[in-house]
Structures are given as C-alpha cells and as structure tokens.
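Structure record follows, encoded as structure tokens.
The values are calculated or read from the model by the stated rules, or taken from the named source; none is laboratory data. Since this is a predicted model, take the numbers as computed values, not measurements. Here the Cβ positions follow ideal geometry from the backbone for every residue, glycine too, while neighbour counts run over all protein chains shown. The protein model used for the area step is the full one, side chains on, heavy atoms only, and it has no ligands, DNA or RNA in it. Shrake-Rupley method; radii C 1.70, N 1.55, O 1.52, S 1.80 Å.
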Amino acid sequence: MNEKTLDEAIKLLQELIQNKCVNPPGNEMKSIITIEKYLKSKGVKCKIYESAPKRGNLIARIKGTGKGPTLMFGPSHVDVVPIEDKEKWTHPPFSGKLEDDFIWGRGAIDMLFIVVAQVVVFVELNQEKFKTKGDLVLVIVSDEEMGGSFGTKWLLKHHPKEMKCDFAVSEMGGVILSPGKFGFMIGEKGATWLRLTFKGTPGHGSVPFGSDNAIVKAAEATKKLFEYKPPATTKYLKSIGKGFGQQPLVRLMMGNKLLLPLILKKMLKTNPEMAKSLASLTSMSISPNIIKGGTKTNTIPAEATLDVDVRTLPGQDLDYITHHINKALGKKLAEEVNIKVLTGEGIVSYGNESSFKSEFVTKIEKAIQKIDPQNEFIPLIYPGATDLRFLRELGVECCGFALMDPRTEFGELINRIHGNDERISLITLDYTLVAYYHLAKEILE
Ligand SMILES: [Zn+2]
C-alpha cells in the first residue's frame, strides 16, 4: 500500500479506538458514523441499519456483473470489551496513541485493524473502478462481543438479502506459526454456558452432622468438572504441527492421542499460551467459573448454583455436552443436578468449520503468496466464537483473515486480545491492507 493509504488507515484506526465502543453498552453508532463519514468523503454510498438506539450496522456494496461469487468483507465488529485495570496499561487504553510503530488501544487487535483494512481497501477498489464478477459487500456490525443480537444476528434476521454471500472474511487470521507459515481460522469452537443447580435441605448451622448441604454438592461438582477429561481428538493439531515446522518426531506426537498429553505438559513450561491454545483444540473444554449458594452463615444452604463455560468442537451438540457433564459428575450428583442452558445471559453457539481444502482456501493462499511466494496457508480452529459462525450455518465459506507482522509471537498475540496493552504494529496494518487488496482481486476479478 502507498504511504497515503497507510496514513489514512492509521487515522481511522485511532478514531475508532478513541470512540470507545465498549460493549456493554456498545454505543457503536459512534464508530458506524465515523466509517460512514469516511466512506462518503471518498464517494462511496453506504447504508446504516439501526438495530437499537445508539447501535447500528453499516453495509456498502460494489456491484459485480453477476457472473462470479459474492465476497463479504465482514461481518466485522466495532464494539470492544471493557478494560479490567487501566493502571496496568502503558498508554491510556482509549488514546489510540502511535508510538514505536504500534497503535495502542482497546480493540486495536480485536478487531479494529481488520475493520479499517476492509474499509480502506473497499474505498481503494471503488476508486479504481474495479471490474468485479461477483459483488463485494462491506458489512460492519455492532455487538459481536455480547453475542450479536444487535449486529450480525439482527442483520441476518431483518436484512437477509443484503447479507447474502458465498465467501466471508473477518477476524482472526494470518498469525505466524513459523517462517512463511500463517495460520488462518477456518472454523471455531462453540460456546455453551450452563447453570447447574444443586438442592439441599435447609437446617441450623449448629448441627451440620449428616446434613444435606447444597454448597458441598456444588463444590464436589466443581472439582469433578475441572478434572474431567472429555474424549480427545488430534484432528485439528495435524495441520498445526505442520505450521510450526516442528521436527517429524514432535509432529508425530501431536498427531497421537496417547502421546499428546506428554507434549502439552512439556510445552506448558516452555510456551504456556501455546500449550493452552493447542489443548483447547483437542477436545470440548469445561470450565466451572461462578459458584453461588447459601443465604446466612448459620443456615445450611438449600440451594447452590454453578455456572460453567463449555466450549465445544465442531459437531458436538447439547446431547454430547450433557452426556459428558453427567459422566463427569458421577452417578450420584448427576441424579440430583438440574442443568439449564443460559440462553438469555450467555452466548450459545455450536462450533463449525468451513472446508480446509477448497477453491476459497486456494484463493486465500494465492493472495498471501502475492506478498511472498513462500507464504503458506495453515488451517486453524479458533478456540473462541466469532460472528462468522452465523454465516457458516447458512453455508457460507468463511475464514478469519489478516496478515500479521512476522515478529508477533503467537502467545503474545493471544495475551493481547482482551488483555492489557492491546496494540497493533504498523507492519501488521500495512500487510493486512495489501492482503485484503489481493484477496478481493483473486476472488472477484
Ligand atoms: Zn472480535
């Protein structure tokens, strides 16, 4: 990209960070209007779809001849997660400060730099009167961080025609695994939040002998769930082993269910973030995260609840989840527990994946090879959930797409997402701009 384009991208990214669209409550209309203003100043027509007061989504389109597939840049979200402790940040988290070739701020990685790359490249293609076969649709949304009810989910329900596409690219991807090997999220895990309720018999706290205490049951359940090991698969690790360019022996171990625990245990000491990420791709994970119970210090509690964050691999459904939760709890606790899915408060989604080998994947690889012919596409599954899952459910082929500064270590990147000192290097922004430009040309021309 030329310097002017990069400068514009930097300015836009800084403004989006400064808009502080922390969700909840979101107030994303601020950033949606920033983007609308930018697009209009460049002669691009777009439309804003308001899903709730102060919350909105934006769609723009470059019309094709109708002879090719439609590519979506997006759905890409402008909302960001809250700050845990701003004292722990080197620069104020909503400053958008540019220092040492990094832009600092909440949302810089997740996922404002991709939003900016998509918007700026869309403008660039529009200005050069890009002749496309299929349409290029730009979709910028609200509310990804809280489940998408005012963003992607809402658009799909209320404006399905505008959201129609064959391919979609959004967060996250282009993570360097080893020289020349970049990981792209071609699928993602599902998230299911459960509330487990245990009942007891109320009584006086002075005579606990033989009592039926709900908290004790919840505590037992917590430990059992934490220690339970759901069935493992190495399906998603095979390609990663290749991505890391590991020695054949290590790759062999990563592909072997029995040897895998050994290598993960070893890795937990040398590269803990990587070990955690890899472990999350081998099975469903169960994390008991909130426990509540009891009302008075002198009363034996009659009820206790345990909220559990369950992350599933593609293909694992609610039956699979409840089967393993019950198995983890053991017969006695399983007979007593009441399991409820927290649909109202939590995100409930199933994991899904697009094909690891397809024309779409080939085109993505071609686009990154325009930057360096040695670059290789390595398919990954994202441990978290993104808006792309909604489109995958409709049969759209989706991939997390960006191209990161090769100096960004995988573990460091994972720590910065939703963490302190979130920042993005100018090289990442520049590479991602170029990568998006080539990708659009590969797919649409
Ligand atoms: Zn995100």
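Just check region 338-445 against the gyration tensor rule for me: Cα atoms, a ≥ b ≥ c as the square roots of the eigenvalues, rounded for a/c under 1.5, and otherwise prolate or oblate depending on whether a/b exceeds b/c.
Because a/c hits 1.5 or more and a/b fails to exceed b/c, region 338-445 counts as oblate.
Counting Lys and Arg as +1 and Asp and Glu as -1, each charge on the Cβ, what is the dipole of the chain about the Cα centre in debye, to the nearest 20? Numbers along the way, then the final one.
Working: 59 positive and 53 negative charges, 179 e Å.
Computed charge dipole of the chain: roughly 860 debye.
With a probe of 1.4 Å, find how much accessible area the chain has per residue, and write the answer as a whole number in Å². Walk me through the intermediate numbers first.
Values: 20280 Å² over 445 residues.
Ligands and nucleic acids excluded, the result is 46 Å² per residue.
What residue among Thr312, Ile300, Val337 has its Cα farthest toward the positive end of the dipole of region 279-348, where the charges are +1 on Lys, Arg and -1 on Asp, Glu, each on the Cβ?
Going by the Cα projections, it comes out as Ile300.
Given the DSSP H assignment, sum -39500 (n - 2.57) over each helix run of at least 4 residues in the chain and divide by its residue total; what's the result at 222 nm in deg cm²/dmol, nearest 500?
Computed mean residue ellipticity for the chain: -11000 deg cm²/dmol.
In the neighborhood of Ala117, defined by Cβ-to-Cβ distances under 13 Å, what is the net charge if each Lys or Arg adds +1 and each Asp or Glu adds -1?
Net charge around Ala117: -4.
In whole angstrom, note down how far apart the Cα centers of region 421-445 and region 360-381 are.
Here the two parts' Cα centres lie 12 Å apart.
Counting alpha carbon pairs within less than 8 Å and at least 6 residues apart, what relative contact order, in whole percent, applies to the chain?
25 percent
Rounded to the nearest Å, what's the spacing between the alpha carbon centres of region 54-110 and region 323-338? Just the number, please.
42 Å
If you take every DSSP beta bridge whose two residues both sit in the chain, what share of them, in percent to the nearest 5, is antiparallel?
So the antiparallel bridges in the chain amount to around 70 percent.
How high is the relative contact order of region 190-341, in percent, counting Cα pairs under 8 Å that sit 6 or more residues apart?
Once normalised by length, the contact order is 42 percent.
Taking 20 °C and 1.002 mPa s as the conditions, I'd like the Stokes-Einstein D for the chain in µm²/s, using the Kirkwood hydrodynamic radius from alpha carbon pairs. Could you put the intermediate results ahead of the total?
Numbers: Rh = 23.2 Å.
Taking Rh from Cα pairs, D becomes 92 µm²/s.
Mind putting a number on the dipole of region 190-341 about its Cα centre? Charges go on the C-beta only, +1 for Lys and Arg and -1 for Asp and Glu, and I need it in Debye to the nearest 20.
Rounded to the nearest 20 debye, it is 640 debye.
Provide the three semi-axes, in whole Å and in decreasing order, of the ellipsoid equivalent to region 190-341 as defined by the square roots of 5 times the Cα gyration tensor eigenvalues.
Ellipsoid half-lengths, sorted descending, are 39, 15, 12 Å.
What part of the accessible area of the chain, given as a whole %, is carbon or sulfur when the probe is 1.4 angstrom?
54 percent
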